[in-house]
Amino acid sequence: MSATRIHPGDSAEAGSAVAVPVRWKFPFACLAATAVSAFFAVTAKGRTAIDLNPSGGNRIAVVDARAQIVCAVLAVLSAAGCAHAFVRAIRRSRIGALPAGTVGASLVLGLLVWYGGDATGRVTLTATLAGGIVFAVPIVYGSLAGVVSERVGVVNIAIEGQILMGAFAGVLVASATGSVWAGLATAPLAGAFLGVLLAAFAVRYNVDQIIVGVVLNVLALGLTSFFLDTTMKGGSGLNSSGVHLRNAAIPLLSDIPVVGPALFDQTLLVYAMYALVAALTVYLFRSRWGLRLRACGEHPKAAATVGIDVRRTRFANTVLSGAIAGLGGAYLTIGANVGQSFGENMSAGKGYIALAAMILGKWHPLGAVGAALLFGLSDAVATLLKSLDPSAAAAAYFSMLPYVITVFAVAGFVGRSRPPAAENQPY
């Protein structure tokens, strides 16, 4: 829904340059979210308590009031953000992040307050934010893997399988050796193994990249399920949850209210994620390696004319992409502060959600991280909602929340993203 206007008083030169379409999609999305917030305000019951810290003597109560009043305030804030979005759209100005953040935060907090009215639990913002980071880590690694592979021109649908292989190999080797570092070293190798297979078929033999990726996902699921039922079952000791990383708080930074415990009291794998995001952002757009990589994904023939070995570049970076995804898979088993035994299909679609995050982030590391955090927070919110009223039958449906958000997010924004020009094109 768009319209183009040129003011009659403008000169011909100005008119040809100022014709800007009015984009209504985002303002009307804000209007729909505001309507939902208003519904929460009308139907909310009971009282809701919102804390900054989850437990202990440092608990800080932010809100302890009637749920209907809190929801009404949030609905007013959402309406203000919505009005701002409409005004900016009418003026053909860039809407910016302020209205989106206001409307989105009001909607999420309104949902928590509405559902938490007279609940058995409490809404803990710090714990929810920390949980969002935990849920987002594998998705962030997967989305960064997608950025590397697709920027070079190879569609890596196999991220799901690479995450699964990383989780499997990490816990297997860590349990066998008793060393979490050995497991962390093996996980990216397992992901790189699938990356080699993808590169061999898609780059060397020009097989359709999407088909190869889907087949590799099925292969990873079959291999891990087979060895889980044979090698790792029973008392073999090869699927232990006791060998894993521990949280290492960063002095001073971890003491920052709200965000400190969530961002700076994490395991080494999370800190490595921060470094990887920064490194990829710099090297993709500020280095010779990044220029060559992006040239192969945008115009491989032009890249070849200046001496770049396109196939070699694509092969190497596809393998690198698999290694990054495999390292993210290790977080599911041995990379978090609470270790997990490997389970069948443990990745549970995180690779596909990572691809959605990459698309929403417009194939940029920072954008992909932001989208991945959105999906991670949706997972954390779903977990919190179930804890607020565990007896409610509807709580089970909140497990679908991350996937529902993925569908709506991709449907709403995928058309506005431009992939690399030579993506999925053999050379």
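Could you check the simple spin-label distance between Ala279 and Asn337, using points 7 Å along Cα→Cβ, in nm with one decimal?
The modelled label-to-label distance comes out at 2.5 nm.
Label-point separation (nm) for Ser241 and Arg23, each offset 7 Å from Cα along Cα-to-Cβ?
Taking the two extended label points, one gets 4.5 nm.
Could you list, bin by bin from short to long, the percent of Cα-Cα pairs of the stretch 125-416 in 10 Å steps?
7, 27, 35, 23, 7, 1, 0
Counting only residues 5 or more places away or on other chains, whose amide H sits under 5 Å from the amide H of Gln266 once H atoms are built in the peptide plane?
Ala248, Ile250
Between beta-carbons, use under 14 Å as the cut-off and find the net charge around Ser341, counting Lys and Arg +1, Asp and Glu -1.
So the surrounding residues net to -1.
Between beta-carbons, use under 11 Å as the cut-off and find the net charge around Ala199, counting Lys and Arg +1, Asp and Glu -1.
Summing Lys and Arg as +1 and Asp and Glu as -1 gives +4.
Taking θ as phi - 60°, what are the ³J(HN,Hα) couplings along the stretch 249-265 by the Karplus curve (6.51, -1.76, 1.60), each to the nearest whole Hz, with x for Gly and Pro?
5, 8, x, 6, 5, 6, 8, 5, x, 6, 7, x, x, 6, 9, 10, 10
Considering the zone a paramagnetic label at Thr177 would reach in this model (a point 7 Å from Cα along the Cα-to-Cβ line), which residues of the stretch 226-257 have amide N under 18 Å from it?
Only 237-246 fall inside the zone, counting backbone N under 18 Å.
Roughly speaking, what is the stretch gain from Ala272 to Ala421, that is 0.36 nm per residue apart minus the C-alpha to C-alpha distance, in nm to one decimal?
In short, 50.6 nm is gained.
Can you work out the FRET efficiency for the pair Ala249 and Asp229, with r the C-beta to C-beta distance and R0 = 51 Å, to the nearest 0.05?
Step by step, r from the Cβ atoms, then E = 0.85.
Pulled fully out, how much extra length does the chain show between Ala65 and Val218, if you take 0.36 nm times their separation in residues and subtract their Cα-Cα distance?
Computed gain between Ala65 and Val218 is 50.0 nm.
Taking 7 Å along the Cα-to-C-beta vector as the label spot, tell me the Val258-Glu298 distance in nanometres, rounded to one decimal.
My value for the distance between the label points is 3.8 nm.
Values quoted throughout were computed directly from the atomic coordinates according to the rules given, and no laboratory measurement underlies them. Here the structure is a predicted model, which means the values were calculated and not measured. Don't worry about glycine lacking a Cβ; one is built from the backbone with ideal geometry, like all the others, and counts go over all protein chains shown.
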